[in-house]
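Following: one structure in structure tokens, then a few remarks.
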Amino acid sequence: MCWSATADLVAGTGLAAVGVTGVVWARERRDLPLAALPLLLGAHQIVESVVWSSGGGSGPATVAWAVVALPLLAVWVPAGVWCVAPPRARTRLVVLLAVGVATAVPLAHALATGPVTAEIRGRTVGYTVDLSHPAPLVAGYLLATVGSLLLSGDRRLVVLGILAAVGAVVCWTLWRLEFISTWCAFAALCSVVLLGWVRARATASARPHQNA
């Protein structure tokens, strides 16, 4: 996620603040899952700062990090997008939500039954989870999360999906090279875009009341 415990802690605190702002700005309950996503990502990075400070290993922080990163986000993102999608987009988004659930179940099972370990590798953290079929699970994860944003029918969320897709490729490449973890920077950018989305929806929902 980030390149050090300090970077994770600072970025996580900032993301959490963006998430709190988004939740406060949200005017409709159906907007809350996506409005709160930066808050979840912020907490996730704060948890990883504990992983850094612990020197990796298989402690509670490592397991908590994996729970958020794998099964929880696989369901949270498509469910949040479905909640705010226009009616014309909901049918296809139900399919992607089902993909997210189908992906989350074996991921959660792997976390519950197998070891989860973290290893500090220079300016990155490597996480190891015993998955029997990693390729289809990764495909399902990306389809459910990034795919739901791209097919949301909302222009700002489509932009967010494009940023997430580009960020995933860049961050994965740098992580595989064990050069530096940069996902926190992309998470911050995506969170700002998401906050703009919340603000725009709040403004649009308030406009009829102002005219009345």
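Side notes on the structure shown:
- Listed values (i) 135; (ii) 167; (iii) 106, entry calculated as volume of the Cα convex hull per residue in Å³: (iii)
- For a 4.7 Å threshold on C-beta separation, the list of partnerless cysteines in the chain reads C83, C171, C190.
- On the beta carbon distance between V170 and S54, with R0 = 45 Å, the FRET formula returns roughly 0.95.
- The residues of the chain present an accessible area of 49 Å² per residue when probed at 1.4 Å with all protein chains retained.
- Portion, in percent, of the accessible area of the chain that falls on carbon or sulfur, probe 1.4 Å: 70 percent
- Rounded to the nearest 10 degrees, the inclination of helix 134-150 to the longest alpha-carbon principal axis of the chain is 20 degrees.
- Ranked by the mean number of other Cβ atoms within 10 Å of their residues, highest first, the peptides 154-163, 21-30 fall in the order 154-163, 21-30.
The values are calculated or read from the model by the stated rules, or taken from the named source; none is laboratory data. Keep in mind the model is a prediction, meaning the values are calculated, not measured. Neighbour counts run over all protein chains shown; Cβ positions are idealised from the backbone, glycine included. With ligands, DNA and RNA removed, areas are computed over all heavy atoms of the protein, side chains included. Shrake-Rupley method; radii C 1.70, N 1.55, O 1.52, S 1.80 Å.
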